[in-house]
Amino acid sequence: MTKAPPIKAERVRKILANYPPHDGSALVNLLHDIQAAFRYLPQKALQMTARHVGLSPARVFEVATFYEGFHLKPRGEHICTVCMGTACHVRGSPRLLEQLERDLDIGAGQTTADLTFTLEEVNCVGACALGPLVIIDGKYNGNMTSARLTRLVGGMQKKGKK
Amino acid sequence: MEVTIRINDAEVKAQEGESLLDAARRAGFSIPSLCHHQALEPIGACRLCLVEVKASGKEELTTSCNFRVTAGIEVVTDSAQIRKQRAANLELLLARAPGSTRLRQLAAEYGVAAPRFQPRVDSQLPNCILCELCVRVCAELGHNALNTIGRGEHKRIGLPFNQPSDSCVGCGSCVSVCPTDCIFIKDTPTTRSIWGQSFPFVLCKNCGAPVITGVHRDFAIKEKGLPEDYYDTCESCKQAATSKRFAAVAW
Amino acid sequence: MLAETVKTLVVKPTKCVGCRTCEVACTFAHSSAGWLGHSRIKVHAVAPERFVQITCMQCIKAACIKVCPTEALVRNPGTRAVELIEERCIGCGLCEVACPFGHMFFSAETRRPIKCDLCGGQPACAMFCPHGALEWR
Amino acid sequence: MAALKSAKQLSDYRKKLKSTASSRRRTIAVCAGTGCKALGSFPLFDAFTAELKKNKLASRIDLVATGCHGFCERGPLVLFHPEGLLYQRVKQSDVAEIVVKTVKQKKVIGRLLYTDPNSGKQYRKEQEIPFYKHQKRLVLASNGQLDPTSIDDYIRGGGYSALAKAIEMGPEETIAEIKRSGLRGRGGAGFPTGNKWEICSRTESDKRYLVCNADEGDPGAFMDRSVIEGNPHSVIEGMIIGALAIGADEGYVYVRQEYPLAVERLEIALGQARRLGLLGKNILGSKKRFDVKINRGGGAFVCGEESALIASIHGERGVPRRRPPYPAVEGLFGKPTNINNVETWANIPIIIGKGSEWYSSIGTAGSKGTKIFSLVGKVNNTGLVEVPMGMTLGKIVFDIGGGIPRGKKFKAVQTGGPSGGCLPESKLDTPVDFDTLLEQGAMMGSGGMIVMDESTCMVDVARYFLRFLKSESCGNCTSCREGLVRLHELLSDICEGRANADSIPMIQELAETVKTTSLCALGKTAVNPVLSTLRYFREEYRAHIEEQRCPAGVCKALITYRIDAKLCNGCTLCAKNCPQDAISGQKKKLHVIDQDLCIKCGICKDVCNQDAVLVE
């Protein structure tokens, strides 16, 4: 069982130090950096961010929940993202998503109980020529078929169990 | 700067840059709206204050709350198209807030008895129509205890991190401005319950009646600079004291 | 200094007999419904046969104006009354608490304060007082 | 390298770069665009590095990882300069042979050449391939040659000379030149760029901002990404020219968070430009200052809308506000702000460099220059194409795109993303420009062009866009937030066989409300996909409603999967892969689908080698 990395205040402070204080326009950039460090946006880190940029927790929370790119719950070790862009859609991406939902037994946007996999949709990653596209841990897998997807994810599931 | 505009063929004076809705209402024109408040920046959420505006040759159907007045505009506040589109948005809103008397009445005025859609009611804040008046008023007061959560179809109103907020003072302004009465508030002789928290009242030093929540008083003392004893007596006791004092004076 | 042309509402408790005509007049002047709870002036019995009418004093340094967060309470330059602009009021209730005379009635029903506006320069209470206990002069 | 303090120093620097041996050497350009990268071009590049070193060629051959060449379908692509030879679908295992045969012996390896699937003809040179031949590449011209991480590469090819020219011309003449060029914003609405600059520059203010909108949110569009990733300096140069013309001293690039490589390339390029004195104080000795910050988006389609984008840079939710006031008058931090998208900025150096007269000779009366489209979906040659305005849809789809794969029939082409529309076969002769597309109920948008064939259900496509938009709506306006949810419900009713005669009139009624009463462009155009499919494909809607039939075989509730007795060879592949165990049959015997168990996932059809699984 993999745990999400612990939230160390020191680590958050280091990220915050890269941006001048009391500058609201750094907020979205900061949230990205924090998410890159923790794979999600921990509440504690958001509260520290709010203080740093000089906004209330309410304003920070509404920004964090407004944008699709931010996650407020711990995410899995492996992140499977199915591109739902138009080009991918007409080439069958909804079926790939359904397949992953069945195989991982979670819905889109959810994380497996053991924090191994998170399944996500993205609206388009701009690699439309290669649709349908499934991104696994940042790697673009183009022209995806259900058989290849089974192999790819199946292999990772086995590895995870060892 | 004062400018002249035309509303339904009448000449109306208005301030340049002010909300067209405010100007029109001041001049006596009735325009429905559920998300506008003069003390707050307009956001044009409910889409009921639709009017037709002709400005520099271009005609458009627009919300009046967030339309800034400029000299010479020509405004129509009632037409078949305006009524049709107000009714359409009322129908959509009514499906979110079937329990709101005010909304039901307004919808009925526009011929909408019941929405043709299944209700889509916020489970945590039934009848909320997402006008954001509560969020905006709370921010305007400097408390920032409320926020929107999410966006699009999933947008809702709630607390930061979905937890009771330590910046809420229990003033109840959100309740006062809510157009659909969807915010829960309950006062007992000693405490006020709102947004998942209980706020003890400051009790009148004479009769023990509730005066104001303790944190709201603390906030007011800090922000408004009036002496503390302004906040320790209830309205009735103050009146009684005033009348006694007056009675003592020889007139 | 008040301009000479400005009239004031003069209250004479010694002349008051407690008939409450002023309350009725005020209520009708401000609403067609006519409900005594909505009167902006109140008659208090302070002793047997001794009454005092309490209404807004339109304080020069008004606490209500000071605490109002949305500038919903403003001085009418003509009548010098402190008037409530309902459209700007957010119902926070601070004015009610801040008034040292207990004269801002906060309506639980509308969640807005009820406040004397001197009827825009023709106060109904004074017009209808049969005993000269309220004068507009 | 010290900062360049004048136009003269810049041209001297260019001369020096040109005179170095490197510019005359042979070059191998490996495409490192997103598509080719996904297909393995990075390990391929490493293999070339190793192989050249092994053959002691590293000092004689320039190996560059370039931006997107556009022909993503055939990636990874390797281009040889100056010959113009193009190898496609190159694998790591091909590298050794390429170095020996092509590089050393100058022989062409036939199997790596592009073969037209329709004509069977083989092409050696990139320029001869139909996909490239019909294009006119201005903005994308250098994508296949430049190393996007090298400012020297850019300057050697004439980069930043337009900036020097613009400084000499002065602000007013620069704006006048852009106005004369007829350039219109490439972000979607097509507002004349020069006019926008003029309004911003004439608004009284102590400060002005400039923004590059790289929030390419249309699903199916990736030209802005490729321009930034492949030629970041062209965008930066455009921005500097704009900043000096308008009088802005601070700029922002607002990039989608889904584009990390673009952010990386931009950061490198900005650093290089600063070091050379092209950004910062006293640009090229002009006493003018300008610098650029990068703001990443948070993932919101609506932030492509100017006022929402500004809110997002402020650190707020991306909620649009009513315009006017337009950003050119009251924008970022309340100051006049000029916002243009990536492709628009990249056009600026070209216009200033070659002149407005030359530029305006390309395109149509109302739409000048070229436009980049991402040609994707059910088309043979998917990728990025840049064509002169006014080329017909048919020419793009069939001559450049090579038509529809697997002999299927063309059905529609969707342009303009979620705000656009679907045009049918009868509209293939429509010239592509801002105004004509709008007339036909579609839109230029940012340039997504998604081709659909007979196996695409148009009702499903309309529903797809509504699903996208109802979650991408900021949620401010009742009409958009609630209206789109209701429209999606109605479309779902049609796709799932629950619709009735009232459905279409109700869709039209609601669509009108969303369109006429929403605040921003997202809401006002959100119903275009529904309205355009209703306009051109009403029969398909009727089939769903009246006959409970999905002619394209997409809508699950209206279809069944069946195995053809004649075609099935009993290979058992479908039965093995069926997630429901709904398929039974013995080896080498006909297999049968149990309709009660079938969830219509389509995997059996995907895995069948005999095309024996039919959709009815």
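The values are calculated or read from the model by the stated rules, or taken from the named source; none is laboratory data. Because the structure is a prediction, the values reported are computed rather than measured. Quick reminder, even Gly has a Cβ in these numbers, built from the backbone with ideal geometry, and neighbours come from all protein chains shown.
When the stretch D:70-83 is filtered for residues that are at pLDDT 90 or above and more than 11 Å from chain A (Cβ to nearest Cβ), the ones remaining, listed by number, are D:Pro76, D:Leu77, D:Val78, D:Leu79, D:Phe80. Pull up the stretch B:51-68, narrow it to residues that are modelled with pLDDT of 95 or more and part of a loop (DSSP other than H, G, I, E, B), then point me to the one that is surrounded by the fewest Cβ atoms within 10 Å (Cβ to Cβ). Filtering the stretch B:51-68 for residues that are modelled with pLDDT of 95 or more and part of a loop (DSSP other than H, G, I, E, B), the one surrounded by the fewest Cβ atoms within 10 Å (Cβ to Cβ) comes out as B:Asn66.
Go through the stretch D:454-488 and report how many residues are farther than 23 Å from D:Pro505 by Cα and either more than 9 Å from chain B (Cβ to nearest Cβ) or touching a strand residue (DSSP E or B) at 6+ places or on another chain (Cβ under 9 Å) (or both).
Within the stretch D:454-488, the first condition is being farther than 23 Å from D:Pro505 by Cα, and the residues that meet it are D:454-456, D:471-476.
Imposing the further condition that a residue be either more than 9 Å from chain B (Cβ to nearest Cβ) or touching a strand residue (DSSP E or B) at 6+ places or on another chain (Cβ under 9 Å) (or both) reduces the set to D:454-456, D:475.
Final tally of qualifying residues: 4.
Here is a list: D:Ser532, D:Ser471. Which entry is hydroxyl-bearing (Ser, Thr, Tyr), under 18 Å from A:Pro94 (Cα atoms) and assigned to a helix (DSSP H, G or I)?
Numbers: D:Ser532 fails: under 18 Å from A:Pro94 (Cα atoms).
Matching residue, one of D:Ser532, D:Ser471: D:Ser471.
The set of residues in the stretch D:489-515 that are closer than 15 Å to B:Leu92 by Cα and within 11 Å of another protein chain (Cβ to nearest Cβ) comprises D:Glu489, D:Leu490, D:Met506, D:Glu509, D:Leu510, D:Ala511, D:Glu512, D:Thr513, D:Val514, D:Lys515. Scanning the stretch B:26-46 for residues that are more than 9 Å from every other protein chain (Cβ to nearest Cβ) and touching a His at 6+ places or on another chain (Cβ under 8 Å) yields a count of 0. Among residues that are polar (S, T, N, Q), touching a strand residue (DSSP E or B) at 6+ places or on another chain (Cβ under 8 Å), buried (at least 18 other Cβ atoms within 10 Å of the Cβ) and at the interface with another protein chain (Cβ under 10 Å from one of its Cβ atoms), A:Thr81 is included.
If you take the residues in the stretch B:130-163 that are touching a residue at least 40 places away in the same chain (Cβ under 8 Å) and among the small types (Gly, Ala, Ser), which one is farthest from the other protein chains (Cβ to nearest Cβ)? Among them, the one singled out is B:Gly142. Just so you know, in the stretch D:211-269 the residues that are among the aromatic types (Phe, Trp, Tyr) and at pLDDT 95 or above include one that is nearest to A:Leu133 (Cα to Cα), and it is D:Tyr254.
Of the residues making up the stretch B:20-47, those that are under 12 Å from the mean Cα position of the chain (by Cα), farther than 15 Å from B:Thr62 by Cβ and not charged (D, E, K, R) are B:Leu34, B:His37, B:Gln38, B:Ala39, B:Leu40. Scanning the stretch B:210-243 for residues being within 9 Å of another protein chain (Cβ to nearest Cβ) and either under 18 Å from C:Cys56 (Cβ atoms) or of a type in the set (S, T, N, Q) (or both) gives a total of 13. The residues of the stretch D:358-398 that are within 14 Å of chain A (Cβ to nearest Cβ) and charged (D, E, K, R) amount to a single one, D:Lys378. Within the stretch D:89-110, can one find any residue that is closer than 19 Å to D:Glu51 by Cβ, under 24 Å from the mean Cα position of the chain (by Cα) and in a loop (DSSP other than H, G, I, E, B)? Yes. In summary, helices (runs of 4 or more DSSP H) completely within the stretch B:171-251 and bearing 3 or more residues that are touching a residue at least 24 places away in the same chain (Cβ under 8 Å) and within 21 Å of the chain's Cα centre (by Cα) occur at B:173-177. Taking residues in the stretch D:302-330 that are more than 7 Å from every other protein chain (Cβ to nearest Cβ) and without any contact (Cβ under 8 Å) to a residue 12 or more places away in the chain, and partners anywhere that are buried (at least 22 other Cβ atoms within 10 Å of the Cβ) and among the charged types (D, E, K, R), the pairs with Cβ atoms closer than 7 Å and at least 6 places apart or on different chains are D:Ala311/D:Arg317.
Against the conditions (1) within 13 Å of chain B (Cβ to nearest Cβ); (2) farther than 27 Å from B:Ala247 by Cβ, C:Cys64 satisfies every one except (2). Taking the stretch D:282-397 as the region of interest, the strands (runs of 3 or more DSSP E) fully inside it that hold 1 or more residues being within 30 Å of D:Phe410 (Cβ to Cβ) are D:337-341, D:370-377, D:383-388.
So in the stretch B:57-70, with the set limited to residues that are within 13 Å of B:Ile5 (Cβ to Cβ) and of a type in the set (S, T, N, Q), which one is farthest from the other protein chains (Cβ to nearest Cβ)?
Applying the first criterion (within 13 Å of B:Ile5 (Cβ to Cβ)) to the stretch B:57-70 yields B:64, B:67-70.
Subsequent filtering for residues that are of a type in the set (S, T, N, Q) retains B:64, B:70.
On the way: B:Ser64: 11, B:Thr70: 9 Å.
That would be B:Ser64.
Out of all the residues in the stretch C:80-98, is one or more over 30 Å from B:Leu133 (Cα atoms) and either within 14 Å of another protein chain (Cβ to nearest Cβ) or buried (at least 20 other Cβ atoms within 10 Å of the Cβ) (or both)? Checked the stretch C:80-98: no residue is over 30 Å from B:Leu133 (Cα atoms) and either within 14 Å of another protein chain (Cβ to nearest Cβ) or buried (at least 20 other Cβ atoms within 10 Å of the Cβ) (or both). Suppose the filter is on the phi < 0 side of the Ramachandran plot, touching a strand residue (DSSP E or B) at 6+ places or on another chain (Cβ under 7 Å), part of a loop (DSSP other than H, G, I, E, B) and within 14 Å of chain B (Cβ to nearest Cβ); does C:His44 pass it? Judged against the criteria, C:His44 is not a match.
Say we look at the stretch A:25-71 and pick out the residues that are within 10 Å of the chain's Cα centre (by Cα) and either over 17 Å from A:Val122 (Cβ atoms) or not basic (Lys, Arg) (or both); which of these is farthest from the other protein chains (Cβ to nearest Cβ)? Break it down stepwise before answering.
Start the filter on the stretch A:25-71 by keeping residues that are within 10 Å of the chain's Cα centre (by Cα), which leaves A:35-36, A:39-40, A:68-71.
Those left that are additionally either over 17 Å from A:Val122 (Cβ atoms) or not basic (Lys, Arg) (or both): A:35-36, A:40, A:68-71.
Working: A:Gln35: 10, A:Ala36: 10, A:Tyr40: 13, A:Glu68: 4, A:Gly69: 3, A:Phe70: 6, A:His71: 10 Å.
If we take residues in the stretch A:25-71 being within 10 Å of the chain's Cα centre (by Cα) and either over 17 Å from A:Val122 (Cβ atoms) or not basic (Lys, Arg) (or both), then A:Tyr40 is farthest from the other protein chains (Cβ to nearest Cβ).
In the condition set (1) within 14 Å of chain B (Cβ to nearest Cβ); (2) not in a helix (DSSP H, G or I), D:Lys524 is compliant with all but (2).
Total residues in the stretch D:211-256 satisfying the condition of being outside any helix (DSSP H, G or I), within 14 Å of chain A (Cβ to nearest Cβ) and not aromatic (Phe, Trp, Tyr): the figure is 14. Only a single criterion out of (1) in contact with a Phe, Trp or Tyr (Cβ under 8 Å, 6 or more places away or on another chain); (2) part of a loop (DSSP other than H, G, I, E, B); (3) crowded, with 23+ Cβ neighbours inside 10 Å is not satisfied by D:Ala412, namely (2).
Name the residues in the stretch D:278-318 that are under 20 Å from D:Gly170 (Cβ atoms) and among the aliphatic types (A, V, I, L, M), would you?
Start the filter on the stretch D:278-318 by keeping residues that are under 20 Å from D:Gly170 (Cβ atoms), which leaves D:278-279, D:281-290.
Of everything in the stretch D:278-318, those that are under 20 Å from D:Gly170 (Cβ atoms) and among the aliphatic types (A, V, I, L, M) turn out to be D:Leu278, D:Leu279, D:Ile283, D:Leu284.
Quick check on C:Ala33: is it at pLDDT below 90 and either in contact with a Pro (Cβ under 9 Å, 6 or more places away or on another chain) or assigned by TED's automatic domain parsing to the domain that holds C:Leu84 (or both)? For C:Ala33, the condition - at pLDDT below 90 and either in contact with a Pro (Cβ under 9 Å, 6 or more places away or on another chain) or assigned by TED's automatic domain parsing to the domain that holds C:Leu84 (or both) - is not met. Give the residue that is nearest to D:Leu491 (Cα to Cα), with candidates limited to residues of the stretch D:546-567 that are hydrophobic (A, V, I, L, M, F, W, C) and crowded, with 20+ Cβ neighbours inside 10 Å. Among those that are hydrophobic (A, V, I, L, M, F, W, C) and crowded, with 20+ Cβ neighbours inside 10 Å, it is D:Cys555. If only residues of the stretch C:73-112 that are in a strand (DSSP E or B) and touching a residue at least 40 places away in the same chain (Cβ under 8 Å) are counted, the one that is farthest from B:Leu226 (Cα to Cα) is C:Ser107.
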